[in-house]
Protein chains: 2
Amino acid sequence: MRAAVMYGARDVRVEDRPDPKIVQPTDAVVRVVTSCVCGSDLWPYAAMPATDTGRPMGHEFLGVVEETGADVTALKSGDLVVAPFTYSDNTCDYCAKGLHISCRNGGRYGFDGVDGGQGEAVRVPYADGTLVKLPVAADSALLPSLLALSDVMTTGHHGAVTAGIGRGDTVLVVGDGAVGLCAVIAAHRLGAERIVLAGRHSARTDLGRRFGATEVVAERGEEGVARIRELTGGVDKVIEAVGTRPALDTALGAVLDGGTISRLGVPQYEQGPIGPAEFMRNITLTGGAGPARAYIGQLLPDVLDGTIAPGHVFDQEFALDRTPDAYRAMADRQVLKALIRP
Amino acid sequence: MRAAVMYGARDVRVEDRPDPKIVQPTDAVVRVVTSCVCGSDLWPYAAMPATDTGRPMGHEFLGVVEETGADVTALKSGDLVVAPFTYSDNTCDYCAKGLHISCRNGGRYGFDGVDGGQGEAVRVPYADGTLVKLPVAADSALLPSLLALSDVMTTGHHGAVTAGIGRGDTVLVVGDGAVGLCAVIAAHRLGAERIVLAGRHSARTDLGRRFGATEVVAERGEEGVARIRELTGGVDKVIEAVGTRPALDTALGAVLDGGTISRLGVPQYEQGPIGPAEFMRNITLTGGAGPARAYIGQLLPDVLDGTIAPGHVFDQEFALDRTPDAYRAMADRQVLKALIRP
C-alpha cells in the first residue's frame with residue numbers, strides 16, 4: 001500500500017509499505033476513506049531529527065473495515081468506522097473512567113509496528129475498543145465532520161468539558177487553529193454565551209464566528225490581554241489551544257482569580273509558571289490530551305443531525321500522494337487543515 | 001500595646017507599638033484573646049532580609065471587639081470574633097463568588113499600616129466583611145479549634161473542596177504540618193474512605209490518624225511514591241500541603257492519570273513541571289490560598305458541636321512575650337503549632 005512516512009524535518013514521503021494484516025485476534029484492518037494532517041504533526045515536521053527508518057504519519061482517519069481478527073465481535077467487514085487518535089482496549093480502569101487516552105493497553109498510530117492513518121490502510125489494535133461504527137454511507141457529505149471526531153472536535157470538547165463550561169458562561173479560546181475552532185463549537189454547544197476567540201488569521205477567526213465566537217481579539221501578548229480584559233473584565237474559563245508559552249501567558253493574563261485554564265495544545269515547554277503568584281490567584285490548570293473515544297458517542301448525534309459541523313475546518317483536499325504538499329501548505333499557514341484521500 | 005515584629009531571619013521581637021485606633025469608618029479594633037504562629041511565618045523567619053522597620057507578624061487571631069467605626073453594623077463592642085487570615089469587604093465580585101482571598105479591597109495583616117495578629121490588639125479593616133462572630137464565651141474550651149478556622153482548618157477544607165473530594169474517595173495528603181493535618185480532617189469530613197498521610201514525624205502522623213488518616217507513609221521521594229502506589233495503586237486526588245518541589249513531585253508520582261492535585265502550601269518555586277508528560281496524563285493542578293472567610297460559616301457548626309476538633313494541632317501555648325521562643329520551637333520542629341496568649 002501507499003502511506004506517508006516522515007524522515008525528518010520538512011521531509012515527508014509517500015511510499016510503498018507492506019499491506020496491513022491481522023496480527024492479534026483483537027485487530028481489524030481498516031481501508032482508509034479519508035484522513036488528515038494534524039496541527040501536532042507540524043511539530044515533528046518542524047523539528048524531527050533525520051532518521052533512516054522514518055515514522056508512519058497520521059492519527060486521524062475514517063474508513064471501511066476490511067478484515068477482523070477472531071476476537072473482534074462489535075465490527076464486521078464493510079462497516080464504516082472512525083478511529084480516535086489513539087487506540088484503546090475500552091476495558092481497563094482508565095477506559096472505564098472515560099480516560100481512554102491513558103489506556104493500559106493503548107498506543108499511538110505510527111509507533112510499535114502500528115500503521116499511521118495517512119495511508120491506504122491501517123491495522124488497528126483493540127478494534128472493538130477503539131473504532132466507532134458510523135451509520136452513514138462511505139460517500140456521505142458528513143464525512144469531513146465525522147473525521148473531525150477523530151481528534152480536533154473531541155479535543156475541543158475535552159477543553160470545554162474540563163474547563164467546566166456551562167450555560168451563560170464567558171469563555172476565552174486562545175488559538176484559531178482547528179482545535180481552537182472546534183473548542184469554540186464545543187463551548188457554544190455547552191451553552192457559553194460569550195466566546196472570545198484570540199487569533200489573528202481572519203479567514204480562521206471568520207470561521208470561528210460561524211462556529212459561535214462572539215468576539216475576536218487579533219492582538220497578541222500584553223496588548224491582547226489588555227483587549228480581552230477591556231472586552232470582558234477578565235474571564236473565568238479559558239481554553240488554551242496552541243501549546244506555546246506565549247499562549248499560556250495570554251491565558252494567565254486574561255483569566256480571573258479562581259478561574260480555570262484548560263490546555264489542549266501539547267506544551268512546547270517542560271516547565272511553566274505555577275509559583276506563588278498563580279497560587280495566590282487560585283488558578284486551576286487542567287485539560288490535556290483528550291480521550292477522543294469517550295466523546296465520539298456523545299458528539300455523533302449532533303454531527304449526524306447537523307447541529308455541529310466541525311468538518312468546515314478542512315479547507316483543502318489532497319490526494320494521498322500529495323501529502324507532502326499538505327504538510328507544506330499547513331506549515332506555511334496557507335491551509336488550516338488538510339484532508340487527505342487515498 | 002505589645003506586639004511581635006520580625007526584623008529579619010530568626011529575629012522576632014516583642015515590643016511596644018501604638019495602640020490601634022479606628023481609622024476608617026469600616027474598621028473595628030479587636031482585643032486579641034488568642035493568636036498563633038503559622039507554618040507560612042516560618043518562610044520569612046528562615047530567610048527574611050534584615051530590616052530596620054520590621055514587619056508586624058501574625059494573621060490568625062480571635063478576640064473581642066473593642067471599638068467599631070461608624071459604618072460597622074454587624075458587630076458591636078464585646079462580640080467575640082474570629083478573623084480570617086486576610087481581610088475582605090465581602091461585597092466585591094470576588095467575595096460574591098466566595099473567593100475572599102482575592103477581594104478587590106482586601107489585604108494582609110502586618111502590611112499597609114494594618115497590625116499583625118501576634119499582639120494585644122488589631123485594627124481590622126472592613127470589619128463587617130471580615131470578622132465572624134462566635135457564639136461562645138471568651139473562655140470557651142473550643143477556642144483553639146475556633147482559632148484554627150482563621151487559617152489552617154479553612155485552608156485544609158479548601159484543599160478538600162478544590163480536589164473534589166467526596167464519599168468513598170481515596171485521598172493522599174502530602175505533609176504532616178498543621179495544614180496537612182487539617183486537610184485530613186476535611187477529607188474525612190467530606191466522606192473520603194481512605195486517607196493516606198505522607199509525613200515522617202510520628203507525633204504528627206499519630207494525630208493525623210486521630211483525625212481520620214487510614215494509612216501513613218513515612219518514606220520520602222521515590223521510595224515514598226512507590227509505597228503509596230503499592231498501598232493504593234495510585235490515587236485520584238492529592239492535597240499537597242507543603243509547598244516544596246519534592247512535595248509536588250511526590251504528588252505527581254502518586255496521582256493517577258486524570259487525577260487532581262490541590263496545592264495548599266505556598267510554592268517555594270516559581271516554575272514547575274507542566275510539560276508534555278503532565279499534559280498527556282491529564283493532571284489537574286488546582287488549589288491555592290484558601291478563602292477562609294467563605295468557609296468559616298460552613299465549618300463553624302461542626303466545631304461547635306465537636307464533630308471536628310482542629311484545635312488539637314496546637315501542641316504548646318506561649319505568652320505573647322515569648323513569641324520569639326514560639327518561632328524558634330516551630331522552626332526547630334519541637335512544636336507543631338504554637339498558640340499565643342497576650
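Residue A:243 passes every criterion in (1) surrounded by fewer than 18 Cβ atoms within 10 Å (Cβ to Cβ); (2) in contact (Cβ under 8 Å) with a residue 24 or more places away in the chain apart from (1). Among strands (runs of 3 or more DSSP E) entirely within the stretch B:57-163, having at least 2 residues that are at pLDDT 95 or above and out of contact with any Pro (no Cβ under 7 Å at 6 or more places or on another chain) singles out B:61-68, B:80-83. Here the stretch B:196-239 is the region considered, the condition is being of a type in the set (Lys, Arg) and surrounded by 20 or more Cβ atoms within 10 Å (Cβ to Cβ), and the residue that is nearest to residue B:162 (Cα to Cα) is B:237.
If the condition is being touching a Lys or Arg at 6+ places or on another chain (Cβ under 6 Å) and either outside the structural domain of residue B:42 (by TED's automatic domain parsing) or small (Gly, Ala, Ser) (or both), then the stretch B:284-318 contributes only B:287. Tally up the residues in the stretch B:164-201 that are touching a residue at least 60 places away in the same chain (Cβ under 8 Å) and not in a strand (DSSP E or B), please. Number satisfying all stated conditions: 14. Considered as a group, the residues in the stretch B:35-54 that are among the polar types (S, T, N, Q) and surrounded by fewer than 22 Cβ atoms within 10 Å (Cβ to Cβ) include one that is nearest to residue B:326 (Cα to Cα), and that residue is B:40. The residue that is nearest to residue A:313 (Cα to Cα), counting only those in the stretch A:180-195 that are buried (at least 24 other Cβ atoms within 10 Å of the Cβ) and in contact with a strand residue (DSSP E or B) (Cβ under 9 Å, 6 or more places away or on another chain), is A:181.
Working only within the stretch B:87-99, note down all residues that are closer than 30 Å to residue B:139 by Cα and surrounded by 22 or more Cβ atoms within 10 Å (Cβ to Cβ). The answer is B:87, B:88. For the stretch B:291-325, filtered to residues that are crowded, with 24+ Cβ neighbours inside 10 Å and either within 14 Å of another protein chain (Cβ to nearest Cβ) or not aliphatic (A, V, I, L, M) (or both), the residue that is nearest to residue B:143 (Cα to Cα) is B:310. Would the stretch A:317-324 turn up any residue that is among the hydrophobic types (A, V, I, L, M, F, W, C) and in contact with a helix residue (DSSP H, G or I) (Cβ under 7 Å, 6 or more places away or on another chain)? Yes. Out of the residues in the stretch A:327-342 meeting the condition of being in a helix (DSSP H, G or I) and more than 17 Å from the chain's Cα centre (by Cα), tell me which one is surrounded by the fewest Cβ atoms within 10 Å (Cβ to Cβ). Looking at residues that are in a helix (DSSP H, G or I) and more than 17 Å from the chain's Cα centre (by Cα), I get A:328.
Within the stretch A:244-290, which residues are of a type in the set (Ser, Thr, Tyr), facing chain B (nearest Cβ under 7 Å) and either in a strand (DSSP E or B) or in contact with an Asp or Glu (Cβ under 7 Å, 6 or more places away or on another chain) (or both)?
Those that are of a type in the set (Ser, Thr, Tyr), facing chain B (nearest Cβ under 7 Å) and either in a strand (DSSP E or B) or in contact with an Asp or Glu (Cβ under 7 Å, 6 or more places away or on another chain) (or both): A:284, A:286.
Does residue B:72 satisfy the condition of being among the hydrophobic types (A, V, I, L, M, F, W, C), crowded, with 19+ Cβ neighbours inside 10 Å and within 21 Å of the chain's Cα centre (by Cα)? Considered against the rule, which asks whether it is among the hydrophobic types (A, V, I, L, M, F, W, C), crowded, with 19+ Cβ neighbours inside 10 Å and within 21 Å of the chain's Cα centre (by Cα), residue B:72 comes out as no. Mind checking whether some residue in the stretch B:235-245 is within 16 Å of the chain's Cα centre (by Cα) and in the same structural domain as residue B:80 (by TED's automatic domain parsing)? Among the residues of the stretch B:235-245, not one is within 16 Å of the chain's Cα centre (by Cα) and in the same structural domain as residue B:80 (by TED's automatic domain parsing), which makes the answer no. Of the residues A:170, A:205, A:232, A:214, the single one that is polar (S, T, N, Q), outside the structural domain of residue A:331 (by TED's automatic domain parsing), modelled with pLDDT of 95 or more and within 19 Å of residue A:311 (Cα to Cα) is A:205. Within the span defined as the stretch B:6-25, one or more residues are crowded, with 17+ Cβ neighbours inside 10 Å, assigned to a strand (DSSP E or B), under 20 Å from the mean Cα position of the chain (by Cα) and not aromatic (Phe, Trp, Tyr).
The values are calculated or read from the model by the stated rules, or taken from the named source; none is laboratory data. As the structure is a prediction and not an experimental result, all values here were calculated from the model. Every residue, glycine as well, gets a Cβ built from its backbone with ideal geometry; the counts of neighbours run over all protein chains shown.
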